Amino acid sequence: MKKRRNLSGYFLFWRRLLQLGIVLLLVSPAAGFTFFRGNLISATLFGFPLHDPLATIDYFLAGKILLLSFLSGTFLVLVVYWIFGGRSFCSWICPYHLISEMFLPLHRFFRRPKPGFSSSQRYGFLGGFLLMSLILSVPVFESVSPVAAASQLFQSLAESGFSNQSVTDGTGLASILNVWFSGSGILLWFVLFLISIEVFVKPGWWCHGVCPVGTFYSLLGKISPLKITIKHNACDNCGECFKVCPVSQVLIAPVQGTANRVIDSICTQCGNCIDSCPTRALNFGFQFNRQENTDVISSH
Amino acid sequence: MDRRTFIKEGLPYSVAGIFAGLTIIGQADQSGNGFVLRPPGAKSEKHLRQHCVGCEQCIHACPYQAIRSDRRILSGNFGLPELVVRETPCYMCPDLPCINSCPTEALDHSLTDAFRISMGTAVLTDRGACLSLNGIRCEICYRVCPLIDKAIVLKKSPYRETGKHTVFEPVIKAESCTGCGICEYSCPLDQPAIQVLASQRADKSAHYKTLSEQG
Ligand code: SF4
Ligand code: SF4
Ligand code: SF4
Ligand code: SF4
Ligand code: SF4
């Protein structure tokens, strides 16, 4: 009998650690630290400017402006996510994705089928948001972004925890209620609204079906060297990876043997599949020679 | 397409439509609602809305935590930075960390002199309640003003009720007032008698003069 042993949560551990670190980074200004300010739209870390590339495009379209000072901070972010496979932002950094993942057990409880995601819908939303910014001269996505809403939600929860200045009676519960029902409470309802769509309508609906940030990074992922690779002789088609992959459609080609890596860049580089694979057929792999991909997936 | 798939596929689009609708409503509501003060260097509501990406860097840069996010979702200004000076005024930092932290053109980077901030204009909105106008020498707003004797002066006049006292009326010079709100913050009344009105509402020529030239 073949010895079955998977990595049981190795990448998940590091991913949760980084996600937690990002949340701590986001709330650090509320705790009085000054090395970081901003959110995932645009931030300054140890004096280095960092700009979300999509926010940069959106701002240039809305502001009808080309700010050269933006480009270095945007370039840095682009390079990092290019190296790490594009949508690694989604599963390793994004605080909304983190909240959304926390509700995954509910999907299992409701026995929701694995959803499929159409790329034309995602490109439609990306284009639509950019077009709205251009026409309305307002960075539209940045003002409705759940990515920013989730980070501001963590920030305002932290503020109510760290300071009792904004609440009159200062007790913990009262300050939390204050956050929930006035002012920043709208963030909570907004995030919960999207989560409820994900729970009741379609798991991963926002992240993999709508979010223009995810779509942008998936486009970047198309040219990224980092991919999930598969050793076909090790894979015994058990289907474990399909169970844990948020966008399981991407695993069909590699598992069926028509590709030697996950080609579809909607893959979030989460590593769930690697963790779950009992035969360790899957792994992260850098591949700079893109010709090889196209040879193997000729039937794709 | 059956009803179920219709709801499933259509919901994302209706939500997107709602987002779009809110933005359009916000576009129409250019006047703003109430007195909303924007951080130093914000040129106008329209300009701020066009250029602010909601990154919160100005919010985190302010050492007094005077700036916060606008949370009025229906105003169309959701996420823009605002000040509520009755809670925390702007202390007019000489190095203007708020403007310097802004990565976009939302806050005017050519503004380098804190005394030239122009977020709004203080107006003695409740003359009936102001202690000074009632013959008591409060004058707190005058004392705390970073531009004392420039933005606020005391105008002396006989107190009609007694015929013996002098009234020291705080009078705001709109040209010099930065709208920092330290006066509004410091007014000891439950409802401040002096309030900063957003620049476009506290019409510097007409509205302000009619108020200060009464009585
Ligand atoms: S293929 Fe693997 S790494 Fe990519 S999203 Fe699915 S589980 Fe995550
Ligand atoms: S000048 Fe100073 S106190 Fe005033 S808003 Fe800017 S950072 Fe805050
Ligand atoms: S720093 Fe500038 S872009 Fe960022 S929230 Fe403040 S005003 Fe808006
Ligand atoms: S807002 Fe008040 S304290 Fe500030 S400059 Fe104007 S008059 Fe002075
Ligand atoms: S602080 Fe208030 S009550 Fe006192 S003089 Fe100024 S406006 Fe009047």
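The values are calculated or read from the model by the stated rules, or taken from the named source; none is laboratory data. Quick caveat: nothing in here was measured; it's all calculated off a predicted structure. In this analysis, Cβ positions are derived from the backbone assuming ideal geometry, glycine residues included, and neighbour counts consider all displayed protein chains. Areas reflect the complete protein model, heavy atoms only, side chains present, ligands, DNA and RNA absent. Shrake-Rupley method; radii C 1.70, N 1.55, O 1.52, S 1.80 Å.
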So which residues in region B:128-162 are more than 16 Å from ligand 4 (Cβ to nearest atom) and among the small types (Gly, Ala, Ser)? B:GLY128, B:ALA129, B:GLY135, B:SER157
Test: B:ASP95 is acidic (Asp, Glu), open to solvent by less than 10 Å² (accessible area, probe 1.4 Å) and not assigned by TED's automatic domain parsing to the domain that holds B:CYS183: no
What residue, among those in region B:138-148 that are among the aliphatic types (A, V, I, L, M) and away from ligand 2 (no atom under 16 Å from the Cβ), is nearest to the other protein chains (Cβ to nearest Cβ)? B:ILE140
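Out of A:ARG87, A:ARG122, I need the residue that is buried (at least 20 other Cβ atoms within 10 Å of the Cβ) and within 14 Å of chain B (Cβ to nearest Cβ). Which one? First the steps, then the outcome.
Values: A:ARG87 fails: within 14 Å of chain B (Cβ to nearest Cβ).
Result of the check over A:ARG87, A:ARG122: A:ARG122.
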Out of (1) open to solvent by less than 40 Å² (accessible area, probe 1.4 Å); (2) within 14 Å of chain A (Cβ to nearest Cβ), the one B:ARG68 does not meet is (1)
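Filter region A:231-277 for residues that are among the hydroxyl-bearing types (Ser, Thr, Tyr) and under 17 Å from A:SER218 (Cβ atoms); which is nearest to ligand 3 (Cβ to nearest atom)? Steps first, please.
Going residue by residue through region A:231-277, those that are among the hydroxyl-bearing types (Ser, Thr, Tyr) are A:248, A:258, A:265, A:268, A:276.
Among the residues that remain, those that are also under 17 Å from A:SER218 (Cβ atoms) are: A:248, A:265, A:268.
Working: A:SER248: 38, A:SER265: 30, A:THR268: 28 Å.
Among those that are among the hydroxyl-bearing types (Ser, Thr, Tyr) and under 17 Å from A:SER218 (Cβ atoms), it is A:THR268.
Yes or no: A:LEU67 at pLDDT 90 or above and either in the same structural domain as A:LEU192 (by TED's automatic domain parsing) or touching a Gly at 6+ places or on another chain (Cβ under 9 Å) (or both)?
On the way: at pLDDT 90 or above: no; either in the same structural domain as A:LEU192 (by TED's automatic domain parsing) or touching a Gly at 6+ places or on another chain (Cβ under 9 Å) (or both): yes.
Criteria not met by A:LEU67.
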Under 7 Å between Cβ atoms, at least 6 apart or on separate chains: pull out the pairs that start in region A:16-37 with a residue that is free of Cβ contacts under 8 Å to residues at least 60 places away in the same chain and end on any residue that is assigned to a helix (DSSP H, G or I). A:PHE36/A:LEU25; A:ARG37/B:GLN57; A:ARG37/B:HIS60; A:ARG37/B:ALA61; A:ARG37/B:SER101
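Which ones in region A:44-65 are more than 7 Å from chain B (Cβ to nearest Cβ) and either closer than 29 Å to A:SER265 by Cα or touching a residue at least 40 places away in the same chain (Cβ under 8 Å) (or both)? First the steps, then the outcome.
Within region A:44-65, the first condition is being more than 7 Å from chain B (Cβ to nearest Cβ), and the residues that meet it are A:45-48, A:50, A:52-54, A:56-58, A:60-61, A:64.
Once the filter is applied, which keeps residues that are more than 7 Å from chain B (Cβ to nearest Cβ) and either closer than 29 Å to A:SER265 by Cα or touching a residue at least 40 places away in the same chain (Cβ under 8 Å) (or both), region A:44-65 yields A:LEU45, A:PHE48, A:LEU50, A:ASP52, A:PRO53, A:LEU54, A:THR56, A:ILE57, A:ASP58, A:PHE60, A:LEU61, A:LYS64.
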Those residues of region A:104-117 which are touching a residue at least 24 places away in the same chain (Cβ under 8 Å) and either open to solvent by 60 Å² or more (accessible area, probe 1.4 Å) or part of a loop (DSSP other than H, G, I, E, B) (or both), in sequence order: A:LEU104, A:LEU106, A:PHE110, A:ARG112, A:LYS114, A:PRO115, A:GLY116, A:PHE117
Exclusive hit being modelled with pLDDT under 90, assigned to a helix (DSSP H, G or I) and open to solvent by less than 70 Å² (accessible area, probe 1.4 Å), set A:LEU61, A:LEU40, A:LEU78: A:LEU61
Failed condition for A:GLN269, given (1) outside any loop (DSSP other than H, G, I, E, B); (2) in contact with a helix residue (DSSP H, G or I) (Cβ under 7 Å, 6 or more places away or on another chain): (1)
Filter pass, B:ARG160 being over 30 Å from B:VAL53 (Cα atoms), basic (Lys, Arg) and within 14 Å of ligand 5 (Cβ to nearest atom): no
Only one of B:ALA114, B:ALA151, B:ALA122 is surrounded by 18 or more Cβ atoms within 10 Å (Cβ to Cβ) and within 14 Å of ligand 2 (Cβ to nearest atom), namely B:ALA114
Can you pull out the residues in region A:228-260 that are in a strand (DSSP E or B) and either near ligand 1 (Cβ under 9 Å from one of its atoms) or surrounded by 21 or more Cβ atoms within 10 Å (Cβ to Cβ) (or both)? A:ILE228, A:ILE230
The one condition A:VAL201 fails out of (1) within 14 Å of another protein chain (Cβ to nearest Cβ); (2) open to solvent by 10 Å² or more (accessible area, probe 1.4 Å); (3) in contact (Cβ under 8 Å) with a residue 40 or more places away in the chain is (3)
In the list B:HIS60, B:HIS47, which residue meets the criterion of being near ligand 3 (Cβ under 10 Å from one of its atoms) and either crowded, with 22+ Cβ neighbours inside 10 Å or not small (Gly, Ala, Ser) (or both)? B:HIS60
Return the residues of region A:211-270 that are of a type in the set (Val, Ile, Thr) and closer than 19 Å to A:ILE93 by Cα; say none if nothing qualifies. A:VAL213, A:THR215, A:ILE228, A:VAL244, A:VAL247, A:ILE266, A:THR268
Counting only residues that are within 16 Å of ligand 5 (Cβ to nearest atom), give me the helices (runs of 4 or more DSSP H) lying completely in region B:50-147 with at least 1 of them. B:140-144
Quick check, is A:TYR10 at pLDDT below 90, in contact with a helix residue (DSSP H, G or I) (Cβ under 8 Å, 6 or more places away or on another chain) and surrounded by fewer than 20 Cβ atoms within 10 Å (Cβ to Cβ)? yes
